[in-house]
Amino acid sequence: MAEVVHGPSVAFVTSAWERDWRVVLWPGHFSMVLRSHRHEFAIRLVVLNNFDSPTSQQRAERAARVLVDMGLATDVIHAPTYLTGARLEQFGLDQQHFWQMNPFFSSAHLAALHYLTGKADYMFYFSGDVWLERATCWLPRAIQALNAVPEVRGLNLCRNIYRDGFYPSNCHAETDDLWISRPRQLALENGPKGFGLSDLAYLIPVQPEGGWRFSLASENLEKWMSRWPVYARPCFEMLYRAAMDQHNFGHAALKPVGGGPVIKHKNFPRGQLLKLLLYRWLGFYDAGGKYATRFDGET
């Protein structure tokens, strides 16, 4: 195995839910994903979220605890239980309003961000249904690039279908390492549209200057409604994009250098464990299922 590079205090976070926990929490898959980033993560957190029944949740939690026992994961939390009213208030969110809306596309991210406060400097969220095209050590370069542009708060990893078109054509500025999107008020009226956080794979500071403040107020979210399907509103990406405008910070995407890091994404329907076993045996993997929408994560 390639040498693992030690770096800043970065927590690896992934989430699992009813449809994908059997794949995401399979030890072979989890280990493969961790190794691909070539980094010693301070914390390896599994967030459980959105299960059909208590029995299903308990099965997923047992699978997650196996990862802890094996030394692959370090921590496990259940987002709906963890996100108390007091914790939501620290993000500027009202508990009753939050849970009355569609919380399951943001609760895992918020729970992880709060849980990591005081435990890590950065949170790297990597969705359970994405993977790197090839293993690469990218985190030191990413953190150095963020430190060089203080007005940029976080960054996405580049998705394979967007590296040659979406980010170059929608960014407002760029450096050798980053495509940069500015908040709406700093962007040219007829210029590029910009972009926000991608919930497929992103890196953000756990405690930025001024902290994290989000809003569910319709006047802050409505301008972004058309970018996401109805079933996913309001997702964490929407909350983040509105916060960019409200609190005047930028976001970026990390340019692939030497071919990496680049992510691939396909939704995991049921029955993927056999395909992952075939991947382990044959070295070929096709996730199957439907492709994500063209808006997924790249807005």
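Of all residues in the stretch 153-166 being surrounded by 15 or more Cβ atoms within 10 Å (Cβ to Cβ) and more than 20 Å from residue 236 (Cα to Cα), which is modelled with the lowest pLDDT?
Going residue by residue through the stretch 153-166, those that are surrounded by 15 or more Cβ atoms within 10 Å (Cβ to Cβ) are 153-159, 161-163, 166.
Right, trim to more than 20 Å from residue 236 (Cα to Cα) and you get 161-163, 166.
Working: 161: 70, 162: 67, 163: 70, 166: 87.
Ranking the qualifying residues of the stretch 153-166, first place goes to 162.
Hey, which of the helices (runs of 4 or more DSSP H) in the stretch 60-154, taking only ones fully inside, have at least 3 residues that are in contact (Cβ under 8 Å) with a residue 12 or more places away in the chain, touching a strand residue (DSSP E or B) at 6+ places or on another chain (Cβ under 6 Å) and not acidic (Asp, Glu)?
Details: elements: 79-82, 85-89, 95-100, 107-115, 139-147.
By residue number, 107-115, 139-147.
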If we keep only residues of the stretch 157-180 that are among the polar types (S, T, N, Q) and more than 18 Å from the chain's Cα centre (by Cα), then the residue nearest to residue 261 (Cα to Cα) is 175
Go through the residues of the stretch 167-184 one by one and say whether even a single one is modelled with pLDDT of 90 or more, closer than 25 Å to residue 101 by Cβ, buried (at least 17 other Cβ atoms within 10 Å of the Cβ) and of a type in the set (Asp, Glu).
-> no
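Please work out if residue 135 is surrounded by fewer than 21 Cβ atoms within 10 Å (Cβ to Cβ) and touching a helix residue (DSSP H, G or I) at 6+ places or on another chain (Cβ under 6 Å). So that I can check it myself, show each step before the final result.
On the way: surrounded by fewer than 21 Cβ atoms within 10 Å (Cβ to Cβ): yes; touching a helix residue (DSSP H, G or I) at 6+ places or on another chain (Cβ under 6 Å): yes.
Yes: the conditions hold for residue 135.
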Go over the candidates 28, 71, 85 one by one and state the one that is on the phi > 0 side of the Ramachandran plot and surrounded by fewer than 19 Cβ atoms within 10 Å (Cβ to Cβ).
-> 71
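Residue under question is residue 117, and the condition is that it be crowded, with 16+ Cβ neighbours inside 10 Å, among the polar types (S, T, N, Q) and more than 27 Å from residue 52 (Cα to Cα); does it hold?
Details: crowded, with 16+ Cβ neighbours inside 10 Å: no; among the polar types (S, T, N, Q): yes; more than 27 Å from residue 52 (Cα to Cα): yes.
Criteria not met by residue 117.
The values are calculated or read from the model by the stated rules, or taken from the named source; none is laboratory data. Computed from a predicted structure; not experimentally measured. For neighbour counting, all protein chains shown are included, and Cβ atoms are generated from backbone atoms with ideal geometry for every residue, glycine included.
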